[in-house]
Every structure is written in C-alpha cells, then in structure tokens.
Amino acid sequence: MQIANNINNFNNVNFQGKKKKAKDPNQIDAKTMALAYVGGSAADFMTKYAYQTTIGNSLLSGLSRKTGASENLSDVLTDAIKYTHLDKKGVEFIDLAKTANVEEATKIAENAIRNEYNAGKFTRFVLKHPFTKAKHEKQILADAKMFGAGENAAVLLKTNKILLNSEKIGYAGFHEIGHALNSNFSKIGKALQKMRIPMQYAPSVLLMTALLTNKRSNEDKPQNLWQKTTQFVKNNVGKLTTLSFVPIIAEELMASHKGMKLAKGMLNKQQLKQVAKTNIFGAMSYVGAALAVGFAANVANKVRDNIVEQRLAKKAAEAAKAQQV
C-alpha cells in the first residue's frame, strides 16, 4: 500500500496556488476500515450464534438428558471427595437436589457463583467495573438458572465448591472431582487451569487483530516484526483461534480421566457407562466450541476482506471515471 503524501507542492513556477494531490484509490480510509470491522464482527457473532443455538445447545443438553437420571449418587460423591482427601483441602459438595425447588436451587447456585467471582481479583474487577458489570451479572444469572435446573455441573476452584444436582446430572460429578484433583494435586493440571481465563480472551484478541490488519499483496510484504506478526495472525486466524482452546481441552480430558478412574472403584458397570457418556458429551462440547469459534473467525476475516475489496474497487472505478472526464 502506498502512503498518501499530504505535503503540498509550493514549487509551481506559475504560482497558481496549492496543488491538491489526487487520492490514492488503493488507500484504505477510516470509513472503509470501520465498515469492514463491523461487518466482520457481525459475521463472527452470527456464525457462533448459529452454532450455539443448534449443535452447542444439543451437546450441552446431552450432559443430562441423554445420559439418564442419576440414582443415589449424592452419598457416593461425598465419599469420593473424602476418599481422594479433597475434603482436607476444603473441597465441598453442594448438592442442589436437596433443595425444595428449582427456584431455591437457582438462588443457592447464584450465591455460590457470585462468591467465586468475588474470590478472584480479576473476576471481582470485571464484576464491579461499569463496562463489564452488566455482561457478567447477566452471565451469573444465566449460569445459576442452568445449574438450578440441573442442566450442568461445575467446580468452583477458588472457593473449593462442586456444584451440581446429583439426581439429574450426578454422573458429571466425577469429572468435576477430576478438576478438583487437578487443582489440588497436579502441577500440570493447575497450570492448565490458570491458563484458562487468558485463553478464553485469546479468540477475541486474535479476531480483533485480523479485522484491523489489511491484507497484503506479494508486492507489499511486511517490513518489520509487528507487521509480520499481525499478518501471520490474519492469515491463520481460524487455526490460531481453534488452537487457543488446546490448554482448556487438555485439562478437561485430564479431569475426565481422573474422574473415570475414581468412578471405577465406586460404581457398577451400568453406572460407569453413564459416566463415560457424560464425559464424552462434555469433551464434544469443548471440541465443538473450539472448531466453531475458529470457523467463525475465518468467516469474519473473509467477510471483512470482501468488504474492503469491494469498496476499493468502487473507489478505483470512480477515480478512473474522473480521469476520463
């Protein structure tokens, strides 16, 4: 890309005034960049929304609906926590099945999640900051409703709480105990867990970099490290976004392995099949999300470049027409 030269020419011997240099039709102006960024972002959102409302929700509901109701797992999970000595680390099992109704379970879940947010410096910050408060408050309420209805399970690592409904999704409890084992007894597992929050923000950073970077031609190669880096991100944004999920998926698989190993000594064969199914649906949800987010980033990048190319072609046509006149 040529950089527009805005220096006025004062060397006109006829002193006819300042000469205005014609605009370079290949120059990407601010309006084009803004339209491209908005268009790419919209494409990214719609692609991810389409995935979540179809495949994503189907996988999530499969955790409870397709693995069947859990039977008498409350005491088993409590014993599992004691057997692994997690109770000595302060790990506590909150069984939402023991509440009077869904509303009460939802309220207990909300309080537990809110305490988890307040237990971390970063999460406490985003919960109080005006720019992020509304979004995270909405997320807390949505998650609490989901847990209260017995549609998902979670381990809250900062407050050492395992949150689930043992009657509806009790088989997922072993996976959550696996997370707690990673956090308390595995250096690798704990390191992967600490990478979780940064990696959750990586797709947004990568996408923003791609949408704000102009596509370069063979004649306009990157000249410095920054240009080479941003161009690499742009050219590989889909792959890089998917790869950012690798630490998260690795830790999830570790938790499933440890949970399954624990379950083998406490459940019968039929119950073990249900634990395995739950683990499979959980793993599929993360792998599916990684592929969907990578695909969405790639689509967004292409939409963005298409908008830029169309606007540049229009500008070039207008410039050619003006020269003919």
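Full extension of the segment from MET284 to ILE249, taken as 0.36 nm per residue of separation minus the current Cα-Cα distance, would add 11.6 nm. Largest to smallest in accessible area, the residues TYR201, TYR37 fall in the order TYR201, TYR37 (1.4 Å probe, all protein chains included).
Here is how the number arises for the chain: DSSP H runs of 4 or more residues each give -39500 (n - 2.57), the sum is divided by the residue count, and the result at 222 nm is -21500 deg cm²/dmol.
Rounded to the nearest 20, the size of the Cβ-charge dipole of the chain about its Cα centre is 1220 debye, with Lys and Arg at +1 and Asp and Glu at -1. When the Cα positions of PHE93, ALA191, ASN218 are compared along the charge dipole of the chain, ASN218 comes out farthest toward the positive end, with charges on each C-beta of Lys, Arg, Asp and Glu. Starting from the Cα of LYS31, move 7 Å in the Cα-to-Cβ direction to define the label point; list residues of segment 300-325 whose amide nitrogen is under 11 Å from there. Correct set: 315. Comparing mean-square fluctuations of PHE131, PHE245, PHE93 from a GNM of the chain with C-alpha springs under 10 Å, the top value falls on PHE131.
Taking all protein chains as shown and a probe of 1.4 angstrom, GLU252 keeps an accessible surface of around 20 Å². Taking every full run of DSSP H in the chain, the ones that stretch at least 20 Å from end to end by Cα along their long axis and average -0.5 or higher on the Kyte-Doolittle scale are 30-51, 196-211, 246-263, 269-324. Sequence-ordered 3J(HN,Hα) estimates for segment 159-169 from the Karplus curve with 6.51, -1.76 and 1.60 and θ = phi - 60° stand at 9, 6, 10, 9, 10, 6, 9, 5, 7, 9, 9 Hz, glycine and proline given as x. Between the beta carbons of TYR201 and GLN323, assuming R0 = 35 Å, the FRET efficiency works out to 0.15 to the nearest 0.05. Mean-square fluctuations from a GNM of the chain, with a 10 angstrom spring cutoff on Cα atoms, peak among GLY265, GLY148, GLY178 at GLY265.
If you run the Gaussian network model on the chain, springs between alpha carbon atoms under 10 Å, then out of ALA100, ALA80, ALA154 the most flexible one is ALA100. Please state the shape class of the chain: rounded when a/c is under 1.5, otherwise prolate if a/b exceeds b/c and oblate if not, all from the C-alpha gyration tensor. In terms of gyration-tensor shape, prolate. Overall, the accessible surface of the chain at a probe of 1.4 angstrom is composed of carbon and sulfur to the extent of 59 percent. In this structure ASP305 has an accessible area near 20 Å², from a 1.4 Å probe over the protein heavy atoms.
Starting from the amide H of GLU92, placed 1.01 Å from N in the peptide plane, find each other amide H under 5 Å away whose residue is 5 or more places distant or on another chain. When sequence neighbours closer than 5 places are left aside, the close amide H contacts are LYS161, ILE162. Determine the sum of side-chain charges near GLU251: Lys and Arg each +1, Asp and Glu each -1, restricted to other residues whose C-beta is under 13 angstrom from that of GLU251. With Lys, Arg at +1 and Asp, Glu at -1, the net is +3. Under the convention that each Lys and Arg Cβ holds +1 and each Asp and Glu Cβ holds -1, the size of the dipole of segment 167-325 around its Cα centre is about 180 debye. Remark on segment 243-325: Rg and Dmax equal 25.4, 86 Å (Cα only). Of all DSSP beta bridges in the chain, what percent run antiparallel (nearest 5)? Looking only at bridges with both residues in the chain, the antiparallel portion is about 50 percent.
The values are calculated or read from the model by the stated rules, or taken from the named source; none is laboratory data. Predicted, not measured: the structure shown is a model, and the values here were computed from it. All Cβ positions, even for glycine, are placed from backbone atoms using ideal geometry, and neighbour counts span all protein chains on display. The protein model used for the area step is the full one, side chains on, heavy atoms only, and it has no ligands, DNA or RNA in it. Shrake-Rupley method; radii C 1.70, N 1.55, O 1.52, S 1.80 Å.
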